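The values are calculated or read from the model by the stated rules, or taken from the named source; none is laboratory data. Fair warning: this is a prediction, and the values are worked out from it, not measured in the lab. Virtual Cβ from ideal backbone geometry, glycine too; neighbours counted across all protein chains shown. Areas reflect the complete protein model, heavy atoms only, side chains present, ligands, DNA and RNA absent. Shrake-Rupley method; radii C 1.70, N 1.55, O 1.52, S 1.80 Å.
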Amino acid sequence: MKYSKEEVMQYVLEEDVKFIRLAFCDVFGKQKNISIMPEELPRAFEYGIAFDASAIAGFGDESRCDLLLHPDAETLMLLPWRPEHGKVVRMFSSISYPNGAPFKCDTRSLLKKAVADAAKAGYSFAFGSEQEFYLFNLDENGTPTKVPYDNAGYMDIAPEDRGENIRREICLTLEQMGIPPESSHHEEGPGQNEIDFRYSDAMAAADNAMTFQTVVKTVARRNGLFADFSAKPLDAEPGNGFHINISVKPSKDSANLNHMIAGILNKVEEMTAFLNPTENSYKRFGQNKAPGYISWSSENRSQLIRIPAAVGEYRRAELRSPDPTANPYLAFTLMIYAGLYGLENRLELPEAINTNLYKADAKILANLKKLPDSLSYACKIAYASDFIKAHIPEAILDIYCNR
């Protein structure tokens, strides 16, 4: 349900809400928040709530540290794990300078602009995400270990799959928050799990991806566990993927989908620093269903992009290179602009590679372009990209590539 400002204030009054979290994220997608009391809500809506941004990476320094949070009423959500009496709600917020100008490093606002630009061009994009994570035990001091919660395999069931009840609690919590999951199961790695979501518009999908990680980490900790979303938690085991499904309307049968995919393939090398923003990200590529080459196919999970078996409105493309350390607002922003590039230039898809690339002949692989093999190389490509410079503020590019 989407709320208006007036409905939010009425809800807070009638539902015994005592704390309102104004949520945002830094440029890397790490969620932050400030809690305000109900009496401050009218001021928050009218003027914004000031905060010191100097301690947040990329948000400024002590010489220019004041920014304002402006809550988005439509994103009101109850946090069901907080007390029933004295409830806590959350709203995502946009960020501005004191003079009212949008903050250039507000990645959520970048996605809003991408959605608006797509609409002006006559297109709309829908997204669905699949995030994988590991569950690890804590030691006697509550510190995360690298000891998996179980040793189950792909789609195993209890008792081997000890994560079944954890996933159930996560799914029920998300459902309470109005984010119904589509499916959940144990993944290939020991203690590794996956929960998938239904399609939604870009803003809702990115907000839900942020919320998902918060819920998973909260439920895991309540059960004495640690949820690890890093790209490659265990060197000898499968990495965590953030598989992003994308579709475009109008579809015009398969023509627009194909042009969109061609655009993403054309720009993915330039986007990789933002889809895979850690050194650890590059340990995942080229193994255990993680792509290593820029290619596509139908259904084939060894490819960068696959077109899952589906018809009609469910026909979509799945980008398999991102990992859960990516900022979803930046990832979706770049995918929209890459898709638009393909659509507006009517790019044609290269030939599909209907081969298992993990077992492919060297002659086949020699004709394919590889994804960047390190963060430094991905950043070098991003710095040289006119496409990235057109859609990612210079400040964010510098933060990602000059850490």
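See the values below:
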| quantity | calculated |
| --- | --- |
| Meets criteria (part of a loop (DSSP other than H, G, I, E, B) and touching a residue at least 40 places away in the same chain (Cβ under 8 Å)) for residue 98 | yes |
| Residues of region 231-262 that turn out to be closer than 17 Å to residue 315 by Cα and buried (at least 20 other Cβ atoms within 10 Å of the Cβ), as a count | 12 |
| Test: residue in region 384-393 that is among the polar types (S, T, N, Q), surrounded by 12 or more Cβ atoms within 10 Å (Cβ to Cβ) and either over 29 Å from residue 103 (Cβ atoms) or free of Cβ contacts under 8 Å to residues at least 12 places away in the same chain (or both) | no |
| Within region 186-221, considering residues that are surrounded by fewer than 22 Cβ atoms within 10 Å (Cβ to Cβ) and without any contact (Cβ under 8 Å) to a residue 60 or more places away in the chain, the one farthest from residue 175 (Cα to Cα) | 190 |
| From the options 90, 108, residue that is buried (at least 21 other Cβ atoms within 10 Å of the Cβ), in contact (Cβ under 8 Å) with a residue 12 or more places away in the chain and in contact with a strand residue (DSSP E or B) (Cβ under 6 Å, 6 or more places away or on another chain) | 90 |
| Residue selected from region 276-294 under the condition open to solvent by 30 Å² or more (accessible area, probe 1.4 Å) and in a helix (DSSP H, G or I), by the criterion nearest to residue 229 (Cα to Cα) | 280 |
| Residues satisfying the stated conditions in region 136-151, i.e. open to solvent by less than 50 Å² (accessible area, probe 1.4 Å) and touching a Pro at 6+ places or on another chain (Cβ under 7 Å) | 136, 138, 148, 150 |
| Some residue of region 340-358 being among the acidic types (Asp, Glu), open to solvent by 40 Å² or more (accessible area, probe 1.4 Å) and part of a loop (DSSP other than H, G, I, E, B) | yes |
| Region 93-102, subset in contact with a helix residue (DSSP H, G or I) (Cβ under 8 Å, 6 or more places away or on another chain) and open to solvent by 10 Å² or more (accessible area, probe 1.4 Å), residue modelled with the highest pLDDT | 94 |
